[in-house]
Amino acid sequence: LPVIIVILELFNLFAKMASTPEEPRGKTVSALSLLMIVILFVVSLGAYATGVTDGTNGWDLLSAEAQTDLKVHKLMGAWIVLFASVLLVFKFLSMIGTKSRVFFFLLTIVFAMLSLQQGKQGGALVYTHGTNVAKVADVISDLDDAKEELEEAKKSQSINIAEEKRALEEKITK
């Protein structure tokens, strides 16, 4: 979404430059950009909330280095939510005034760069440190192994019980 918003705002800037009072242009692009920014704000809130939950669940399984990286990722996520709300406010201001359009466009570029960096950090947490992937997979594998051992123990116990039952039946019949 941040990259799409940058592209929309670039089109919007050019449309507004070609706009005249008699023939206004760019209203549709501006409205679409506003809609995308509202969606972006809602998505960033949801991403932050789920990230906090996911990070908390996997915290104990992480190395010290991964925990430090996760703290930075969480902090940057909070800044992105805040920045998304600022972006929304400045979008409204850019729709009102002409001077703030270029500043708003620059804000969208900065926001897109922050979002891409956040994605890169999140990917590193998953693919480098195995956050909630490798460690959780190991725990699940250990759990599966324990379940198999339990099933084998149950089968072994069933066989022993069946053998004891047959031995008792033989004694009774003799």
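The values are calculated or read from the model by the stated rules, or taken from the named source; none is laboratory data. The model shown is predicted, which means the values in this text are computed figures rather than measured ones. Ideal geometry is used to build each Cβ from the backbone, glycine not excepted, and the neighbour counts take in all protein chains shown. All accessible areas refer to the heavy atoms of the entire protein, side chains included, with ligands and DNA or RNA removed. Shrake-Rupley method; radii C 1.70, N 1.55, O 1.52, S 1.80 Å.
What the table shows:
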{"quantity": "Length gained when the stretch residue 100-residue 3 is fully extended (0.36 nm per residue, less Cα-Cα span)", "calculated": "33.0 nm"}
{"quantity": "Accessible-area composition of the chain, carbon plus sulfur, in percent [1.4 Å probe]", "calculated": "67"}
{"quantity": "Summed residue charge, Cβ within 12 Å of residue 161's Cβ, Lys/Arg positive, Asp/Glu negative", "calculated": "+2"}
{"quantity": "Cross-link reach list, aspartates and glutamates versus residue 91, counting only Cα pairs under 14 Å and skipping chain neighbours closer than eight places", "calculated": "9"}
{"quantity": "Förster radius 41 Å - calculated FRET efficiency between residue 57 and residue 172, Cβ distance, rounded to 0.05", "calculated": "0.15"}
{"quantity": "In degrees, nearest ten, helix 27-58 long axis to first principal axis of the chain (Cα)", "calculated": "30"}
{"quantity": "Cβ-Cβ FRET estimate between residue 114 and residue 145, R0 fixed at 41 Å, reported to 0.05", "calculated": "0.45"}
{"quantity": "C-alpha long axis of helix 134-173 to longest principal axis of the chain, angle in °", "calculated": "20"}
{"quantity": "Accessible solvent surface per residue of the chain, calculated while the other protein chains remain in place, 1.4 angstrom probe, Å²", "calculated": "68"}
